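Enquirer: Before I ask anything, here is the structure I am working with.
The values are calculated or read from the model by the stated rules, or taken from the named source; none is laboratory data. Bear in mind that the values here come from a model prediction, so they are computed numbers and not experimental data. Here the Cβ positions follow ideal geometry from the backbone for every residue, glycine too, while neighbour counts run over all protein chains shown.
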Amino acid sequence: MTDELVSAALTLFARARASAVTSRDRQTVAIASAFLAGDHDRVEVLAREHLLDHPDNQLVARIRRGDFT
């Protein structure tokens, strides 16, 4: 991703974080934000814990696997 795209995505995630109501939503936003920031160790830890409580969250599962096809 270019720096411009990452910057735009982080701005959108800041808005998503502000509007996230449930802990599931807040955790999903935190995981996606960590991924975009390149903090893959944090993604792994957060996603693993999140998926224990929310195994049906396909977005988090795909972020964790790096599956974007």
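Enquirer: Does SER33 satisfy the criteria of being surrounded by 13 or more Cβ atoms within 10 Å (Cβ to Cβ), assigned to a helix (DSSP H, G or I) and not aliphatic (A, V, I, L, M)?
Expert: Yes, satisfied.
Enquirer: Looking at the stretch 10-30 only, could you name the residues that are over 13 Å from ASN57 (Cβ atoms) and part of a helix (DSSP H, G or I)?
Expert: The answer is LEU10, THR11, LEU12, PHE13, ALA14, ARG15, ALA16, ARG17, ALA18, SER19.
Enquirer: Now for a different question. May I ask you to verify whether SER7 is of a type in the set (Ser, Thr, Tyr), free of Cβ contacts under 8 Å to residues at least 12 places away in the same chain and not in a loop (DSSP other than H, G, I, E, B)?
Expert: yes
Enquirer: Follow-up question, since we're still on this one. Just name the residue that is modelled with the lowest pLDDT out of those in the stretch 36-57 that are under 18 Å from LEU12 (Cβ atoms) and not in a helix (DSSP H, G or I).
Expert: Among residues in the stretch 36-57 that are under 18 Å from LEU12 (Cβ atoms) and not in a helix (DSSP H, G or I), the one modelled with the lowest pLDDT is ALA37.
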